[in-house]
Structures are given as C-alpha cells and as structure tokens.
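Taking it in order: structure first as structure tokens, then the write-up.
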C-alpha cells in the first residue's frame with residue numbers, strides 16, 4: 001500500500017459537503033492521473049463519500065483524513081477506507097489502526113512524536129501543516145536521526161513548491177488540496193480539476209531531455225563523429241567512456257550498434273519509479289530486464305519496450 005502511494009506521489013486532500021459530488025470528483029482525479037484521495041472527516045458527508053467512491057472505483061486508493069477518534073477510524077474502515085490520516089499523533093487511534101489492519105499516518109512535527117510513532121512500528125508519518133511547521137528544511141533536519149522514516153507533508157503545498165518537496169528522498173508523497181478546492185467541487189468544475197491534476201503530475205515527474213545517443217559502426221567512426229559535433233558547436237569538449245564518446249554532456253556517440261536502430265534518447269525524471277507507474281497507466285510498456293537500481297532499491301534506469309522513430313527511449317533518474 002505504501003509503495004503504491006509513493007508511486008502515485010500526490011494525495012488529493014478533499015473536503016466534500018455534497019455526497020452526490022463524490023463519484024464525479026473521483027473520476028476527475030482518475031482522469032487526471034491520480035487514482036487516490038484522502039476524504040476528510042470534516043463534514044457529515046465523509047463516510048458516505050468514502051463508501052460511494054470505494055464502490056464505484058475499487059481500483060482507487062481511498063483514505064480517510066482528519067480522523068481524530070477510534071470511532072471515526074472504525075466508521076472509515078467500514079466504509080471502505082484503505083488508510084487513515086490524522087493531523088496529530090493520537091496513540092490510541094494509531095494502535096487501533098494497527099490492530100485492525102489499516103495503515104495509519106499520524107501527524108508528527110517533532111522528535112518526540114516521531115519517536116512515539118517509531119515505537120509503534122510506523123515507517124511513514126504525516127507532516128502537518130508543512131509550510132507553517134518549517135517546510136522541507138525542517139523535514140530534512142528531522143529525518144537525519146531517523147534514517148528509515150518517510151513523510152507525507154501536507155499544508156501549504158501547491159504547484160509552485162511541489163517540486164521542492166517531492167524530489168526529496170524522505171518524502172513518500174505530498175498531500176494537497178490545490179487541485180480539489182472547495183469551490184471547484186461545489187461548482188462541479190470536473191474538467192478544471194482534471195486539468196490541474198494532470199499539471200501536478202507533470203510537474204512532479206519533471207520530464208526533460210537528458211542526452212541523445214547515436215549509433216555508429218565502430219570506435220573509430222564514433223571518435224570521428226564526436227569531433228565533428230564538437231567543431232559544429234563551437235569546440236565543446238569531447239571525452240571517451242567504455243562504450244561511447246561524448247560531445248559535451250548531451251550527445252553520446254556509441255562505439256558500435258547500441259540500442260535502437262538509430263540510437264537512443266534518455267529522458268530525465270525526478271523519479272523513475274513514479275514515472276514508470278504513471279506511464280504504465282497510460283499504456284506504455286517497459287523492458288523490465290533493462291532496469292538498473294540505486295543502492296536504496298529505487299530505479300535509476302529503464303528502457304521502453306518499443307522504439308520511436310528508430311530510437312530506443314529510456315528513463316534516467318535526475
């Protein structure tokens with residue numbers, strides 16, 4: 001469950017007043033690429049909204065937010081919630097969740113709260129309100145003594161600062177309501193919610209061209225091509241690696257036939273794991289055997305299964 005939340009990357013935090021709007025709202029989020037929602041227990045509609053969304057979209061990860069009591073946690077679980085989120089750390093609520101096989105993510109913004117969470121075996125906590133509590137700088141400072149703990153920051157996060165949080169290795173996912181503002185929901189602006197959701201996913205993934213690889217016949221031709229590129233672009237530096245020459249940092253000239261008919265294109269991303277999850281949801285297939293991993297188990301390289309215009313494509317961790 002936590003791995004899937006991490007792969008999705010952004011958790012829309014929803015306050016819903018009219019239960020009739022729950023299902024179309026969920027569809028708007030799914031259409032935008034975020035099959036997940038934290039429906040807060042700040043209104044009377046929360047329990048029924050969780051139930052309707054869970055029944056309409058069983059593939060969607062629906063959680064309950066602002067859960068303050070065991071009674072609310074129980075109602076949320078019975079309605080179909082798959083995870084429980086609380087603004088603060090309540091050991092009774094956390095213990096009940098653990099005993100009843102539902103993931104709790106309590107709010108922790110101090111070492112004392114974090115150590116209580118660790119004592120109960122938690123690996124992920126909420127950090128709320130994120131911006132007002134010190135933001136990413138405080139998360140970095142807090143995480144230093146607690147190496148295996150990850151955070152879901154929520155509060156004050158929007159399109160303008162999403163990247164600041166989501167690119168940090170200590171962040172499991174980011175919570176936010178910027179794409180599901182109360183006015184958008186009340187007015188039924190589903191297209192706008194989908195549009196903002198897509199934009200958030202795009203910003204989170206941060207795709208950009210890393211480099212272009214060009215195939216040649218052999219090392220001699222590769223060296224010659226590298227020199228030509230260097231001269232063409234004002235004398236950029238060339239360098240030699242084990243399997244290729246480089247002209248600057250953008251053009252790689254392979255010493256022979258590499259992947260792809262013509263070569264390959266490397267696409268950099270903020271998270272290869274998240275990019276793979278979201279691209280698979282769009283029908284993109286990958287060559288799983290090509291995956292390379294970092295020491296922490298996260299993916300750093302993977303090739304697409306199919307070529308485009310004679311070029312193999314691979315994702316590359318920034």
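Since every read-out is calculated from the coordinates, none of them should be taken as a lab result. This is a predicted model, so every value here is computed, not measured. Because the Cβ atoms are built from the backbone with ideal geometry, glycine has one as well, and the counts that use them run over all protein chains shown.
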Quotient of Cα Rg and 2.2 N^0.38 Å for segment 208-317, N being how many residues it contains: 1.13
Cβ-based exposure ranking for 52, 42, in which fewest neighbours within 10 Å come first: 42, 52
Exposure proxy order (Cβ contacts within 10 Å, fewest to most) of 1, 60: 1, 60
Gaussian network model of the chain, springs between alpha carbon atoms under 10 Å - residue of 173, 46, 219 with greatest fluctuation: 219
Angle in degrees between helix 190-205 and the longest Cα principal axis of the chain, rounded to the nearest 10: 50 degrees
Sequence-separation-based contact order of the chain, relative, with Cα cut under 8 Å and 6+ spacing, percent: 14 percent
Cα gyration tensor shape for segment 194-252, rounded if a/c is under 1.5, else prolate or oblate: prolate
Segment residue 221-residue 300, length gained on full extension (0.36 nm per residue, minus Cα span): 25.5 nm
Descending principal axes extents, segment 104-189, alpha-carbon based, whole Å: 44, 24, 19
Percentage relative contact order, segment 208-317, counting C-alpha pairs under 8 Å, at least six apart: 27 percent
Chain lengthening between residue 70 and residue 161 when straightened (0.36 nm per residue, less Cα-Cα): 29.4 nm
0 to 90° range, to nearest 10: angle between helix 70-79 axis and the chain longest Cα axis: 60 degrees
Which of 112, 154, 69 has the fewest Cβ neighbours within 10 Å, and the rest in rising order: 112, 69, 154
Residue-averaged [θ]222 nm for the chain, counting only DSSP H segments that reach four residues, each worth -39500 (n - 2.57): -10500 deg cm²/dmol
The chain: equivalent-ellipsoid semi-axes (sqrt of 5 x gyration tensor eigenvalues, Cα, Å): 43, 22, 17
Added length on full extension, which subtracts the Cα-Cα distance from 0.36 nm per residue, residue 191 to residue 31: 56.7 nm
